[in-house]
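Trainee: This is the structure I want to talk about, given as structure tokens.
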Amino acid sequence: MEIKGKAALVTGANRGLGRAFAEALLEAGASKVYAGARDPSSLGDHRLIPVRLDVTSPRDVALAAETGGDVEILINNAGLMLTTAVLSEGSDDAMRREMEVNVFGMLAMSKAFAPVLARNGGGVLANILSVVSWYVYPFNSTYCATKHAALAVTEGLRIQLNAQGTRVVGVFAGLIDTEMGAALSPGPKSSPRQIAEKTIEGIRAGLDHVFADERAASVWQATRQDPGRIHDEMQARWDQSLASCS
């Protein structure tokens, strides 16, 4: 699908990866980009069409679908990560909060915009996932659970929306140089712009799965060739952290 002349909506567009998506879509020739944000005044880019949007709010989601009635590309980017291990104190609350945004918010947007995309010829629905859709990083396991669930939702959407001509794209990446990524690790990260541009390339090429950086491509191969090795690596990291605290 070509981007030029198409209308798009990006959730979580006020910063980080969402902002990179909004800018990259405009530069790729999108006719308009609706920028969803809980605080539209934080967008600061006159080229974008601001949309007040908290993806956990049914009212906001419904109004976004009404406002963006011409949308042909939906980028489900909004996400929440609380860097919580599964047995940590408060992990149940952390997982609920992350699920509300990363899974139920994504699903709500997809359900609201599925008929919009159908009316506009099918279009594209892209869900921003993660390499931890495929394995569990123990220091962040509640978030990993949400990305596993988001992957399942994405696959379900692809099957159900095929008949109306909507391409459902799963976008996978490792650490991204955003506030969220910085909270998890000080190590090297992919630029948000790279992830956005790789996704646009994938949309143009008609891909269902976009491996948006080298980490995504390598983890995809590793989880298929030797999944036990990744588990052993995660176990070793966890055990090392316990030893350093004792």
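The values are calculated or read from the model by the stated rules, or taken from the named source; none is laboratory data. Predicted model, so just to flag it, every value in this text is computed and none were measured. Using ideal geometry, Cβ is built from the backbone for each residue, glycine included, and neighbour counts are taken over all protein chains shown.
Trainee: Scan the stretch 188-206 and give yes if some residue there is more than 29 Å from L9 (Cβ to Cβ) and either part of a loop (DSSP other than H, G, I, E, B) or not aromatic (F, W, Y) (or both), otherwise no.
Mentor: yes
Trainee: Can you confirm whether R237 is out of contact with any helix residue (DSSP H, G or I) (no Cβ under 8 Å at 6 or more places or on another chain), touching a residue at least 12 places away in the same chain (Cβ under 8 Å), charged (D, E, K, R) and in a helix (DSSP H, G or I)?
Mentor: no
Trainee: Taking V136 and the conditions (1) surrounded by fewer than 17 Cβ atoms within 10 Å (Cβ to Cβ); (2) assigned to a loop (DSSP other than H, G, I, E, B), which numbered condition does it fall short on, given that it satisfies the others?
Mentor: V136 satisfies all of (1) surrounded by fewer than 17 Cβ atoms within 10 Å (Cβ to Cβ); (2) assigned to a loop (DSSP other than H, G, I, E, B) except (1).
Trainee: Same structure again: Could you check how many residues of the stretch 114-148 are under 17 Å from T199 (Cβ atoms) and in contact (Cβ under 8 Å) with a residue 60 or more places away in the chain?
Mentor: 5
Trainee: Among the numbered conditions (1) at negative phi; (2) part of a loop (DSSP other than H, G, I, E, B); (3) not β-branched (V, I, T), tell me where A149 comes up short.
Mentor: In the conditions (1) at negative phi; (2) part of a loop (DSSP other than H, G, I, E, B); (3) not β-branched (V, I, T), A149 misses (2) alone.
Trainee: Which of the residues belonging to the stretch 111-136 are within 30 Å of M234 (Cβ to Cβ) and not aliphatic (A, V, I, L, M)?
Mentor: Of everything in the stretch 111-136, those that are within 30 Å of M234 (Cβ to Cβ) and not aliphatic (A, V, I, L, M) turn out to be N127, S130, S133, W134, Y135.
Trainee: Limited to the stretch 1-46, what total is found for residues that are among the aromatic types (F, W, Y) and outside any helix (DSSP H, G or I)?
Mentor: Result for the stretch 1-46: 1.
Trainee: Do we have any residue at all in the stretch 215-234 that's among the polar types (S, T, N, Q), surrounded by 13 or more Cβ atoms within 10 Å (Cβ to Cβ), in contact with a helix residue (DSSP H, G or I) (Cβ under 8 Å, 6 or more places away or on another chain) and closer than 18 Å to V136 by Cα?
Mentor: yes
Trainee: Only one residue in L117, L125 is touching a Leu at 6+ places or on another chain (Cβ under 7 Å), assigned to a helix (DSSP H, G or I), under 19 Å from F21 (Cβ atoms) and hydrophobic (A, V, I, L, M, F, W, C). Which one?
Mentor: L117
Trainee: Out of everything in the stretch 154-175 that is part of a helix (DSSP H, G or I) and in contact (Cβ under 8 Å) with a residue 24 or more places away in the chain, what residue ends up being surrounded by the most Cβ atoms within 10 Å (Cβ to Cβ)?
Mentor: T154
Trainee: Another question, then. Given (1) surrounded by fewer than 22 Cβ atoms within 10 Å (Cβ to Cβ); (2) free of Cβ contacts under 8 Å to residues at least 40 places away in the same chain; (3) not basic (K, R), identify the lone condition not met by E23.
Mentor: (2)
Trainee: Still on this model: From the list E214, E233, which residue is modelled with pLDDT of 95 or more and under 30 Å from N162 (Cα atoms)?
Mentor: Answer to the check: E214.
Trainee: Which pairs do you get when a residue that is farther than 24 Å from A126 by Cα, found in the stretch 79-106, comes within reach of a residue that is in a loop (DSSP other than H, G, I, E, B) and of a type outside the set (S, T, N, Q), reach meaning Cβ atoms under 8 angstrom, with the pair 6+ apart or on two chains?
Mentor: Close Cβ pairs (under 8 Å, with a partner that is in a loop (DSSP other than H, G, I, E, B) and of a type outside the set (S, T, N, Q)) amount to T84/G90; S91/A85; A94/L82.
Trainee: Taking only pairs six or more apart or across chains, which ones have beta-carbon atoms under 6 Å, a first residue in the stretch 206-217 that is charged (D, E, K, R), and a second residue that is assigned to a strand (DSSP E or B)?
Mentor: Sorted first by the residue in the stretch 206-217, then by its partner, the pairs are D213/S190.
Trainee: Can you find a residue that is touching a helix residue (DSSP H, G or I) at 6+ places or on another chain (Cβ under 6 Å), among the polar types (S, T, N, Q), within 17 Å of T178 (Cβ to Cβ) and surrounded by 20 or more Cβ atoms within 10 Å (Cβ to Cβ) anywhere in the stretch 78-101?
Mentor: Looking for residues that are touching a helix residue (DSSP H, G or I) at 6+ places or on another chain (Cβ under 6 Å), among the polar types (S, T, N, Q), within 17 Å of T178 (Cβ to Cβ) and surrounded by 20 or more Cβ atoms within 10 Å (Cβ to Cβ), one finds none in the stretch 78-101, hence no.
Trainee: Could you tell me whether any residue of the stretch 177-192 is buried (at least 20 other Cβ atoms within 10 Å of the Cβ), among the basic types (K, R) and over 12 Å from the mean Cα position of the chain (by Cα)?
Mentor: No, the stretch 177-192 has no match at all.
Trainee: If a residue must be at pLDDT 95 or above, surrounded by fewer than 16 Cβ atoms within 10 Å (Cβ to Cβ) and of a type in the set (S, T, Y), how many such residues does the stretch 28-55 contain?
Mentor: Of the residues in that region, 1 qualify.
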